[in-house]
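The values are calculated or read from the model by the stated rules, or taken from the named source; none is laboratory data. Since the model is a prediction, treat every value here as computed from it, not as a measurement. Every residue, glycine among them, receives a Cβ derived from its backbone with ideal geometry; neighbour counts consider all protein chains shown. In case anyone asks, the SASA skips ligands and DNA or RNA and just uses the protein heavy atoms, side chains included. Shrake-Rupley method; radii C 1.70, N 1.55, O 1.52, S 1.80 Å.
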Amino acid sequence: MKRFLKITLLVIVYLLAFSAGVEAYTANFSGTPTTVKSGETFTVKVTVDEATTLANSHITYDKSLFEFVGATQTNLSASVYAPKGEGEVAWMYTDMNANSKGVKTFEMKFKAKTVNEDKTGVFKMSDATFITVGQQTYEGTNVKGDKNIAVTVKAGSSSNSLSSRDEASRNNTTASGSTTNKTSGSTTNKTSTTTYNSSLSSTNKTSASSSKNNTTKDTTTTEKSNLPKTGDKGYVALIAGTVFIVLAVIYKRKAKNLF
C-alpha cells in the first residue's frame, strides 16, 4: 500500500512538473510596431521564450490595410494562404542542424497601405506549433501569450512615398527645363537666321542697287566727258578759225571768177 502511494505521488509530481514546463512556453508579437505610416514597410515578429528549431503557424490580417511582402529570415518560409479570400499567411521555420541553438524570433515583412485617416488592423496568430532545442513540443493551449496585436496605420505618406514624389517633381522640372531650353534655342536660332538672311538680302539688294546706280552714273559721266564743254574758249576759237578760212577760200574763188 505504501509502495502504491509512493508511485502515485511520483506520477502526480511528474505531471505537475510537465504541466508547469508546458505552461512556461509563450509566444506573442513582442517587437512588432503598433503604429506605422501609410506606405511603410515594417516587420511583424513572433517572439517565443525558448530556443526553437521547428515552428509553424498561420497569421491573419486586415488585407485592406496591410500587404504581405515576404520573409528573408534564414530557414523561414512564408506565403499568402487565403482560401476564403481573407488576408492570411502560412509560415514555417525549419532548422534540422543537429547542433542548432535555435531561435526565439520569427520575422515577416508587411507593408501598410495608404489611408486618408488613421485606421487600425489586427494581426492574429493561430494553429501554432513549436518544437524546442530540447525536443519539447508545444501547440494549441500549451502555447501561452498574447497571440493578437493591433497595428494602427497613420494617414499620410511615408518618407519613401515622399521621396518618390520629390523625384517625380525633379524629373518634371528637368523635363520642363529641357523643353524651355529647346524651345528658346530653336526660336533664337530661327530668329537669328531670319535676321541674318534679311540683312544679307537687304545688303545684297542695296549693294546691287548701288552698283547699278554707280554703273549708270559712270556711264553718264563717261558720255558727258566725251562731249565738248560749252564754255571751252579754245574750242570756240578753233571753230571760228576754221569757218574764217573756209569763207576766205570761197571768197577768193568768187573774186577770181569775176576778174
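Structure above, values below:
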item	result
Subset of the stretch 102-139 (residues that are under 14 Å from Ala27 (Cα atoms) and aliphatic (A, V, I, L, M))	Val103, Met125, Ala128, Ile131
Condition broken by Asp95, with the remaining ones in (1) modelled with pLDDT of 95 or more; (2) more than 18 Å from Gln135 (Cβ to Cβ); (3) not hydroxyl-bearing (Ser, Thr, Tyr) satisfied	(2)
Selected residue [closer than 30 Å to Val36 by Cα, surrounded by 10 or more Cβ atoms within 10 Å (Cβ to Cβ), modelled with pLDDT of 95 or more and among the β-branched types (Val, Ile, Thr)] from Thr132, Thr120	Thr120
Selection within the stretch 34-80 - over 28 Å from the mean Cα position of the chain (by Cα), open to solvent by less than 20 Å² (accessible area, probe 1.4 Å) and β-branched (Val, Ile, Thr)	Val44, Val46, Val48, Thr52, Thr53, Ile59
